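First comes the structure, then the notes that go with it.
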Amino acid sequence: MAEPNKLTVKMYDVGFGDCFLLTFHYDTVDRHLLIDFGSTRASADYMKAVAADIQKQCGHKIDAVVASHRHKDHLSGFKTDNDSANPDSGGIIAGLKPDLVSLTWTEDPVLDAKATGPVEGDGKLSFVSTLRTMQRLADRASVVAKMKPKGSRRSATAVELEDLSEINISNKSALVNLLNMAKPNGQTEYLHYGSKTGLNAMFRGVRFHVLGPPTVDQWSKVKRQVSRNEDEYWHLANYWSLLEGSFGNGGRKTRLFPKRFERSIPSSAKWLVDRMKDPTESDLLRISRVMDRAINNTSIILLIEVWGYKLLFPGDAQIESWDYVLNGPHATRNRKLLSDVKVYKVGHHGSLNGTPKSLWNLFTERKDINDNGELVSLLSSRINIHGKSSRGTEVPRSKLVTALKKGSEFCATPYEIDKRKKLKVSDLGWHTLEVEK
């Protein structure tokens, strides 16, 4: 089993989300890798049908699972109710008993246990601890977004807040399932930029380069280079914790400050207390956008190489992570690695900053610059979930789609579907890409 002689990539239509099954065909065996399994626009029955097809394709055994990051649209299919008699989508995948589960570094439970307060020496609050607080706040933001004053329509801000908070809400069941999926005999690993991954030993003749995410220490070197960093909410993690704790069940608030404290506040400072007590939808939306970007930048970025044929799966990595990859200490090597990519899983469902121009311009296999170019782009998305075309922030971004269609063989899930339509089992579909040695 020196190296595979064929590769099959199956992109499932999961609405707004990602689900890719890669099968490496060797002379005597097939080995299977699942990259992400989540959606915000598919029913539980639909996700169960997808899981059943994965089960069938894998012959009831999968070798490895990669969950790029913890957003719902990449993770929700892994959730489970632990009903062994009638397993749901997460139970079916767990039943395939993967030998390796690869997660991003921020999911390491040991790290989480240590990351509960300020990082010693620099006075900054832990990135991981703050991430948890942000996600608890997303739960509350979701409740606020769904509140509609009697006799009036919800604002556009509330609608956007609901969509964004839905993706950011903690997916505890899915994460617990993933953390336990490889036990007791398999391995769970936590990846960051430059990690050595067990995928290389498992898939003979295939090389996996982990190009992201950078750790906080690695990322801090490039964070100062980001031109738009006015939303430094990381420094307000204690405020977030207070804010999150000020909401009771069902969105009802408890007192954030004792009355005696409020009475003693100078009138000139009461506006700040009022703001902290009663965050507006726009406040929560702004915070949610920062949280969304932060979690996206914990995405695993995998460059897969077989027979010199390269496939790039960047999850939802955004400009901050790409800045480190393309302009950091190993920029020359990384740019060379990425230049001849032939299969590109479009980052962040085709969002404005998921595919930086500096990355797109690296691709020498683009059909618009190379008559013999072989670039294939895989886009899994849905319109009108995020952003607005009037602002040039719609997902997928129309200008990017135009570039993808011009520069590659463009393969996409049916993304021009009303966002309110939930996928049903009868809608089950996928794209298949086959590559031979």
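The values are calculated or read from the model by the stated rules, or taken from the named source; none is laboratory data. Remember, predicted model here, so these are calculated numbers, not experimental data. Cβ placement follows ideal geometry from the backbone for every residue including glycine, while neighbour counts extend to all protein chains displayed. Keep in mind that these areas ignore ligands, DNA and RNA; they rest on the heavy atoms of the full protein, side chains included. Shrake-Rupley method; radii C 1.70, N 1.55, O 1.52, S 1.80 Å.
One residue is enough: does the stretch 355-375 have a residue meeting the conditions modelled with pLDDT of 95 or more and within 25 Å of Leu428 (Cα to Cα)?
No; the residues of the stretch 355-375 include none that is modelled with pLDDT of 95 or more and within 25 Å of Leu428 (Cα to Cα).
Any chance the stretch 171-185 includes a residue that's aliphatic (A, V, I, L, M), modelled with pLDDT of 90 or more and under 30 Å from Thr393 (Cα atoms)?
yes
What about Thr413, is it open to solvent by less than 10 Å² (accessible area, probe 1.4 Å), closer than 25 Å to Thr40 by Cβ and either among the aromatic types (Phe, Trp, Tyr) or in contact with a Leu (Cβ under 8 Å, 6 or more places away or on another chain) (or both)?
Yes: the conditions hold for Thr413.
If I filter the stretch 333-341 for residues that are closer than 23 Å to Thr413 by Cβ and either over 13 Å from the mean Cα position of the chain (by Cα) or at pLDDT 90 or above (or both), do I get at least one hit?
Checked the stretch 333-341: at least one residue is closer than 23 Å to Thr413 by Cβ and either over 13 Å from the mean Cα position of the chain (by Cα) or at pLDDT 90 or above (or both).
Return yes or no: is Asp36 touching a residue at least 60 places away in the same chain (Cβ under 8 Å), touching a Leu at 6+ places or on another chain (Cβ under 9 Å) and not in a strand (DSSP E or B)?
no
Please go through the stretch 291-339 and pick out each residue that is in contact with a strand residue (DSSP E or B) (Cβ under 9 Å, 6 or more places away or on another chain) and closer than 20 Å to Ser39 by Cβ.
Those that are in contact with a strand residue (DSSP E or B) (Cβ under 9 Å, 6 or more places away or on another chain) and closer than 20 Å to Ser39 by Cβ: Thr298, Ser299, Ile300, Phe313, Pro314, Gly315, Ala317.
Of all residues in the stretch 293-305, how many are in a strand (DSSP E or B) and under 18 Å from the mean Cα position of the chain (by Cα)?
Looking only at that region, the number is 3.
Restricting the stretch 7-32 to residues that are farther than 17 Å from Thr432 by Cα and of a type in the set (Val, Ile, Thr), which is farthest from the chain's Cα centre (by Cα)?
Ranking the candidates gives Thr28 first.
Report, by residue number, each residue of the stretch 67-87 that is open to solvent by less than 40 Å² (accessible area, probe 1.4 Å) and in contact with a Gly (Cβ under 9 Å, 6 or more places away or on another chain).
Ala67, Ser68, His69, His71, Asp73, His74, Leu75, Ser76, Gly77, Phe78, Thr80
Quick check on my filter: what residues within the stretch 25-48 are over 20 Å from Asp427 (Cβ atoms) and surrounded by 19 or more Cβ atoms within 10 Å (Cβ to Cβ)?
Passing the criteria: Arg31, His32, Leu33, Leu34, Ile35.
Does any residue of the stretch 74-83 turn out to be hydroxyl-bearing (Ser, Thr, Tyr), in contact with a strand residue (DSSP E or B) (Cβ under 7 Å, 6 or more places away or on another chain) and not in a helix (DSSP H, G or I)?
no
Just to check your reading of the model, which residue among Lys388, Lys367 is over 20 Å from Val14 (Cβ atoms) and surrounded by 15 or more Cβ atoms within 10 Å (Cβ to Cβ)?
Lys367
So is Val346 touching a helix residue (DSSP H, G or I) at 6+ places or on another chain (Cβ under 8 Å), open to solvent by less than 10 Å² (accessible area, probe 1.4 Å), modelled with pLDDT of 90 or more and among the hydrophobic types (A, V, I, L, M, F, W, C) or not?
Spelling it out, Val346 is indeed touching a helix residue (DSSP H, G or I) at 6+ places or on another chain (Cβ under 8 Å), open to solvent by less than 10 Å² (accessible area, probe 1.4 Å), modelled with pLDDT of 90 or more and among the hydrophobic types (A, V, I, L, M, F, W, C).
Which ones in the stretch 349-365 are hydroxyl-bearing (Ser, Thr, Tyr) and outside any loop (DSSP other than H, G, I, E, B)?
Scanning the stretch 349-365 gives a single hit, Ser358.
Please determine, by comparing only the residues of the stretch 416-434 that are in a loop (DSSP other than H, G, I, E, B) and open to solvent by less than 50 Å² (accessible area, probe 1.4 Å), which one is nearest to Ser39 (Cα to Cα).
Lys419
Just name the residue that is surrounded by the fewest Cβ atoms within 10 Å (Cβ to Cβ) out of those in the stretch 51-66 that are within 23 Å of Leu312 (Cα to Cα) and of a type in the set (A, V, I, L, M).
Ile54
What is the residue count in the stretch 306-323 for residues that are of a type in the set (A, V, I, L, M) and part of a strand (DSSP E or B)?
3
Please specify each residue of the stretch 384-403 satisfying the condition of being touching an Asp or Glu at 6+ places or on another chain (Cβ under 9 Å) and either assigned to a helix (DSSP H, G or I) or modelled with pLDDT of 90 or more (or both).
Within the stretch 384-403, just Ala403 meets the criteria.
Can you find a residue in the stretch 44-65 that is outside any loop (DSSP other than H, G, I, E, B), over 27 Å from Gly347 (Cα atoms) and out of contact with any helix residue (DSSP H, G or I) (no Cβ under 8 Å at 6 or more places or on another chain)?
Yes, the stretch 44-65 has at least one match.
Condition check: crowded, with 23+ Cβ neighbours inside 10 Å, at pLDDT 95 or above and closer than 30 Å to Pro109 by Cβ. Does Asp13 satisfy that?
Answer is no for this residue.
Being buried (at least 23 other Cβ atoms within 10 Å of the Cβ), out of contact with any His (no Cβ under 6 Å at 6 or more places or on another chain) and closer than 17 Å to Ser377 by Cα is the requirement here; does Val325 meet it?
No, not satisfied.
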